[in-house]
Amino acid sequence: MSESIRAERFPRQELLRALYRFQAGEEASRRAACAPGCAACCTDRVYLTGLEGRMLRGELACLGRLDLLARLRPGPGPGYTCNQLARLCLEHSEPPEEPTPEEPAGVCALLEDDRCAAYEARPLACRVMASRQKCGSGGQAQGDPWWFTLDTALMQIAEHIDLGGSYGSLGELLSDEGGDGQGMLRCEPLPGLVAPPEHQARLQQALGPLFVSPVAGRPLGHWLDLMRAG
Ligand code: SF4
């Protein structure tokens, strides 16, 4: 199915924007040490959906910064998508091994003066990066188990929103040179949410407002069901 037909059937961009808004609300309630100019997590190992890639490219075009795409290089792709990993966890199966990159991670091509050149359209993988302590200059990010549970669920939902679309690295999805597609995976449906027992009830409660939030005349959760049905 072509990307244009997929885009007509479901309001994928609006759904993704609603997800981004929800995540921003959650982020605002966290006590993270992250601040403008913190860029330790801005590496070339960012994975995103094709839909996110198109929105990011659109933002760069609006900003007149498509020149930045020339800096991107197809890098190592992901070993699995979020929903593949979740499915394997729920099936009690071993996930495939993540490929071991030959080179250490480089700096993200969209980073300029330690700021994201397309911040408003950055992918969810960047949005959910957060630490309770400063992690630049040799420090280590310190997350929060609940943040990890909720953010994993949001990543799963973002993948479902682009069900059937591409999933890969920023370099592979956006590079002007175009990747060879070998590092690209397909977005899978949400197989269920993966959460430790102590977070399951809290997760259902936290996601309730997201699932009922209106998008193009229907609750977001209804669209997710329609996508699953095809
Ligand atoms: S897209 Fe933006 S926020 Fe994400 S890693 Fe690159 S510079 Fe950082």
Failed condition for Ala118, given (1) surrounded by fewer than 16 Cβ atoms within 10 Å (Cβ to Cβ); (2) in contact (Cβ under 8 Å) with a residue 40 or more places away in the chain; (3) over 16 Å from Glu26 (Cβ atoms): (1)
Per the filter on segment 51-91, residues under 18 Å from Ala105 (Cβ atoms) and touching a strand residue (DSSP E or B) at 6+ places or on another chain (Cβ under 6 Å) are Gly75, Gly77, Pro78
Can you find a residue in segment 148-162 that is surrounded by 12 or more Cβ atoms within 10 Å (Cβ to Cβ) and either at positive phi or in a strand (DSSP E or B) (or both)? no
Please indicate, with yes or no, whether at least one residue in segment 101-122 is within 15 Å of the chain's Cα centre (by Cα), near the ligand (Cβ under 8 Å from one of its atoms), at pLDDT 95 or above and closer than 30 Å to Gln200 by Cβ. yes
Could you tell me whether any residue of segment 133-140 is more than 16 Å from Ser169 (Cα to Cα) and either crowded, with 20+ Cβ neighbours inside 10 Å or within 16 Å of the ligand (Cβ to nearest atom) (or both)? yes
Single match in Leu154, Leu163 (criterion: within 16 Å of the ligand (Cβ to nearest atom), under 14 Å from the mean Cα position of the chain (by Cα) and either at pLDDT 95 or above or closer than 18 Å to Ala86 by Cβ (or both)): Leu154
Failed item, numbered, when Leu56 is tested on (1) assigned to a helix (DSSP H, G or I); (2) over 30 Å from Asp144 (Cβ atoms): (2)
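Condition check ((1) within 18 Å of Leu15 (Cβ to Cβ); (2) out of contact with any Lys or Arg (no Cβ under 6 Å at 6 or more places or on another chain)) across all residues:
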position	(1), (2)
Phe148	no, yes
Gly164	yes, yes
Gly171	no, no
Glu198	no, yes
Arg202	no, yes
Leu220	yes, yes
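Condition check ((1) within 15 Å of the ligand (Cβ to nearest atom); (2) within 13 Å of the chain's Cα centre (by Cα); (3) within 30 Å of Pro189 (Cα to Cα); (4) modelled with pLDDT of 95 or more) across all residues:
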position: Tyr20; (1), (2), (3), (4): yes, yes, yes, yes
position: Ala24; (1), (2), (3), (4): yes, no, yes, yes
position: Ser29; (1), (2), (3), (4): no, no, yes, no
position: Ala39; (1), (2), (3), (4): yes, no, no, no
position: Asp44; (1), (2), (3), (4): yes, no, yes, no
position: Leu60; (1), (2), (3), (4): yes, no, yes, yes
position: Gly64; (1), (2), (3), (4): no, no, no, yes
Mind checking which residues of segment 131-140 are under 17 Å from Arg45 (Cβ atoms) and at pLDDT 85 or above? Ser131
Quick check: is even one residue across segment 84-101 crowded, with 20+ Cβ neighbours inside 10 Å, within 24 Å of Ile161 (Cβ to Cβ), polar (S, T, N, Q) and in contact with a helix residue (DSSP H, G or I) (Cβ under 7 Å, 6 or more places away or on another chain)? no
Take segment 66-89 and flag every residue that is in contact (Cβ under 8 Å) with a residue 24 or more places away in the chain and either over 17 Å from Cys187 (Cα atoms) or small (Gly, Ala, Ser) (or both). Leu68, Leu69, Ala70, Arg71, Leu72, Arg73, Pro74, Gly75, Pro76, Gly77, Ala86
Would you check which residues across segment 190-230 are outside any helix (DSSP H, G or I), in contact (Cβ under 8 Å) with a residue 24 or more places away in the chain and surrounded by fewer than 16 Cβ atoms within 10 Å (Cβ to Cβ) and list them? Gly192, Pro196, Ser213, Ala216
Test Gly77 against the criterion of being modelled with pLDDT under 90, touching a Ser or Thr at 6+ places or on another chain (Cβ under 7 Å) and within 15 Å of the ligand (Cβ to nearest atom), and give yes or no. no
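The values are calculated or read from the model by the stated rules, or taken from the named source; none is laboratory data. These figures come from a predicted structure and were not determined experimentally. Cβ: placed from backbone, ideal geometry, glycine included. Neighbour counts: every protein chain shown.
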